[in-house]
Amino acid sequence: MLINPVDLLLWTFRRNENDVVKLYDALSPIMEVSTGGDILNFGYWDDSTLHPVDAQKRLCTVVGNMAEISSANTLADIGSGILGPAKIWSSQYPSLQISSVNVNFSQLASVDPGNISKLNSTARLLPFANSSLDRVIALESAQHFKPIEDFFSESNRVLKDDGILMLAIPTATDDSILSNLGILKFTWSSEHYSQKQIIDKISQNGFDIVESNDIGKNVYSPLAEYYIKNRDDLRKKILTRYSRYVEKIIFESMKKMQSASETGLIGYLMLKCKKLALDSR
């Protein structure tokens, strides 16, 4: 697959919804080629994790457990990618009604949803009635939502009272500035929201944050170490579909992601947020 470097820069600098769609269409197959899986996240790693797919599945389970989806009837997965997390949750809880919302139509069209509903829509205008959902989850997608407060406001609208908004989101830390992120300024292709920005915007849109964890140490360094250790094999797989400069960018991004995490420039927030009743705001 040939990627025009100029297009790549434009998609990264502008970062409107159409650019993010094009970026994911061009680059998300890298993760599929590298891992052989169908989940598009960094994963949750510990000492027992041997493969990215295991880490990715575990992150989905950790997010689902934290969101208490076992007690939910309805769930919307916003920025759902190719339905990897939704399929895991559906297999764990067959009676759970899951709607996968994605602005990227081609990703939705490429997968068989089983009993999962597919909805092609923006996160800024969710296609659900007021107070109709038990859970809203954004697993490694909200870093692209702009402005993110529109998503929080819409989540509040569609959730029932005491419904849960669950975020798993790569962040800049409050101490980092854009110039310190190096190549990640471009390759993350996100809004680089700080943790304070996210927490403030959530609180301003009718939610109480009931649980907060920064799991960056279980995400970035282990993933980077896996890539560096297995680079020869991974490069061969990537070069079957991409040029050498794409793999070089990935390698440099992995190294910077590791150093940025270890020096406290980036984090990975897990936020469980409960919708406040109107009379308690």
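None of the figures in this text is laboratory data; all of them are computed from the coordinates on show. Note that the structure is predicted; figures quoted are calculated from it, not measured. Glycine also receives a Cβ, built like all others from the backbone with ideal geometry; neighbour counts cover every protein chain displayed.
Listing for the model above:
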| quantity | calculated |
| --- | --- |
| Label-point gap, in nm, between Arg244 and Asp46 - each point 7 angstrom along Cα→Cβ | 4.2 nm |
| Degrees, to the nearest 10: 5-14 long Cα axis against longest axis of the chain | 30 degrees |
| Label point distance in nm, Leu278-Ser91, each placed 7 Å from Cα along Cα→Cβ | 4.2 nm |
| Prolate/oblate/rounded label for the range 101-149 (Cα gyration tensor, a/c 1.5) | oblate |
| Long pairs among Lys229/Lys272; Lys196/Lys256; Lys87/Lys236; Lys146/Lys185, criterion Cα-Cα beyond 25 Å | Lys229/Lys272; Lys87/Lys236 |
